[in-house]
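What follows is a short report on a single structure.
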Amino acid sequence: MSPASGAVQIFLDRDFKGASATLDEGSYDVNHLQAGAVGNDAISSLKVADGYEVTVYKDAGLKGDSKTFTADAAALGEFSDTISSLKVTKKGVVAPAPRSSVPRIQFRYPDGALVPQDIIAPLG
Ligand SMILES: [Ca+2]
């Protein structure tokens, strides 16, 4: 199944029951969870939309033991009621290649100031 909307749906109870919250792509820290309907150390099941994955962490700040889910999970095992932060990403997205191979051409503004490298380097 897929969430009705958003990339990931989290639930207070196992088997997709109880209070829930829908999350879009991004990172969520303990304060986000505390402000939501589910809360900190409370997630017990979750749904993941096609093309997304969610990495959950036992501690705040995307730290501590972690596990990545790429599909719906009706129970979270040792992660049940422990999750304090999480990250929702598109599945299979890898970090861009290092830029070390980009030619280091330098440009200057008319006043002589060096244009920052990142502005002129091609993406990826
Ligand atoms: Ca925790």
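Select from region 34-91 the residues that are among the charged types (D, E, K, R), under 15 Å from Arg14 (Cβ atoms) and more than 11 Å from the ligand (Cβ to nearest atom) and list them in ascending order.
Here is the first cut: in region 34-91, the residues among the charged types (D, E, K, R) are 41, 47, 50, 53, 58-59, 63, 65, 67, 72, 78, 81, 87, 90-91.
This time we only want the ones that are under 15 Å from Arg14 (Cβ atoms), so: 41, 47, 72, 78, 81.
Passing the criteria: Lys47, Asp72, Glu78.
Enumerate the pairs (first residue in region 61-87 and closer than 12 Å to Ser27 by Cβ; second residue anywhere and more than 11 Å from the ligand (Cβ to nearest atom) and of a type in the set (Val, Ile, Thr)) with beta-carbon separation below 6 Å, excluding pairs fewer than 6 apart on the same chain, so at least 6 apart or on different chains.
What qualifies is Leu86/Val54; Lys87/Thr55.
Hey, can you tell me all the residues within region 1-33 that are surrounded by 18 or more Cβ atoms within 10 Å (Cβ to Cβ), hydrophobic (A, V, I, L, M, F, W, C), more than 16 Å from the ligand (Cβ to nearest atom) and in a strand (DSSP E or B)?
Within region 1-33, Val8, Phe11, Ala21, Leu23 meet the criteria.
Going through Gly61, Gly39 one at a time, which residue ends up being of a type outside the set (Asp, Glu) and over 11 Å from Ile83 (Cβ atoms)?
Values: Gly39 fails: over 11 Å from Ile83 (Cβ atoms).
Matching residue, one of Gly61, Gly39: Gly61.
Read-outs: derived from the displayed coordinates by stated rules, not from any lab. Everything numeric here is computed off the predicted structure, so don't read it as measured data. Using ideal geometry, Cβ is built from the backbone for each residue, glycine included, and neighbour counts are taken over all protein chains shown.
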